[in-house]
1. All but one of (1) more than 13 Å from the chain's Cα centre (by Cα); (2) surrounded by 11 or more Cβ atoms within 10 Å (Cβ to Cβ); (3) of a type outside the set (Ser, Thr, Tyr) hold for Glu49; which doesn't?
2. If Asn10 passes every condition in (1) more than 10 Å from the chain's Cα centre (by Cα); (2) surrounded by 12 or more Cβ atoms within 10 Å (Cβ to Cβ); (3) not hydrophobic (A, V, I, L, M, F, W, C) but one, which one does it miss?
3. Under 8 Å by Cβ, and 6 or more places apart or on different chains, what pairs join a residue from the stretch 37-54 that is in contact (Cβ under 8 Å) with a residue 40 or more places away in the chain and assigned to a helix (DSSP H, G or I) with one that is aromatic (Phe, Trp, Tyr) and surrounded by fewer than 16 Cβ atoms within 10 Å (Cβ to Cβ)?
4. Can you tell me which residue within the stretch 76-89, out of those that are free of Cβ contacts under 8 Å to residues at least 40 places away in the same chain, more than 13 Å from Ala2 (Cα to Cα) and within 21 Å of the chain's Cα centre (by Cα), is surrounded by the most Cβ atoms within 10 Å (Cβ to Cβ)?
5. Taking the conditions exactly as written (assigned to a helix (DSSP H, G or I), farther than 15 Å from Tyr15 by Cα and charged (D, E, K, R)), does Arg73 satisfy them or not?
6. Scanning the stretch 58-73 for residues that are loosely packed, with under 11 Cβ neighbours inside 10 Å and among the aliphatic types (A, V, I, L, M), which turns out nearest to the chain's Cα centre (by Cα)?
7. Can you give me the number of residues within the stretch 21-31 that are within 20 Å of Ala68 (Cβ to Cβ) and surrounded by fewer than 15 Cβ atoms within 10 Å (Cβ to Cβ)?
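None of the figures in this text is laboratory data; all of them are computed from the coordinates on show. All values derive from a computational prediction rather than experimental measurement. All Cβ positions, even for glycine, are placed from backbone atoms using ideal geometry, and neighbour counts span all protein chains on display.
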Amino acid sequence: MAVVALFLQNIVLIYTWAIIIYILMSWFPGARESSFGQLLAGITEPYLEIFRRIIPPLGGLDLSPIIAIFALRLALGGLIQVFRMVGLL
């Protein structure tokens, strides 16, 4: 079961980097309209949209990606803790 936990950690790490790269692409004109930007948008926007509905931008600053990454890491930590409590790790 440790393999599953390691796999989940790696998936969350890759997804976190995908969110970070997607957000940084907003600083470069036209980067989000590229094929890579559209791929990242298709992967990250459905998850980020959940947090954008809850947390509106403050003065043009979108804080939802920070909260989204925090929630993702918190969920992973909770899931791994459940694995440990059940005795799977």
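1. Looking at each condition in turn, Glu49 falls short on (1).
2. So the condition that Asn10 fails would be (2).
3. none
4. Going residue by residue through the stretch 76-89, those that are free of Cβ contacts under 8 Å to residues at least 40 places away in the same chain are 77-78, 81-82, 84-87.
Still in the list and also more than 13 Å from Ala2 (Cα to Cα): 77-78, 85.
The next check asks that each one be within 21 Å of the chain's Cα centre (by Cα); those that pass are 77-78.
Values: Gly77: 12, Gly78: 10.
Looking at the filtered set, the residue picked out is Gly77.
5. Numbers: assigned to a helix (DSSP H, G or I): yes; farther than 15 Å from Tyr15 by Cα: no; charged (D, E, K, R): yes.
Taking the combined requirement at face value, the residue does not satisfy it.
6. First, pick out the residues of the stretch 58-73 that are loosely packed, with under 11 Cβ neighbours inside 10 Å: 58-61.
Right, trim to among the aliphatic types (A, V, I, L, M) and you get 58, 61.
On the way: Leu58: 20, Leu61: 18 Å.
For the stretch 58-73, the residue satisfying everything is Leu61.
7. Initially, the stretch 21-31 is screened for residues within 20 Å of Ala68 (Cβ to Cβ), giving 21-27, 31.
Still in the list and also surrounded by fewer than 15 Cβ atoms within 10 Å (Cβ to Cβ): 21, 24, 26-27.
Of the residues in the stretch 21-31, 4 are within 20 Å of Ala68 (Cβ to Cβ) and surrounded by fewer than 15 Cβ atoms within 10 Å (Cβ to Cβ).
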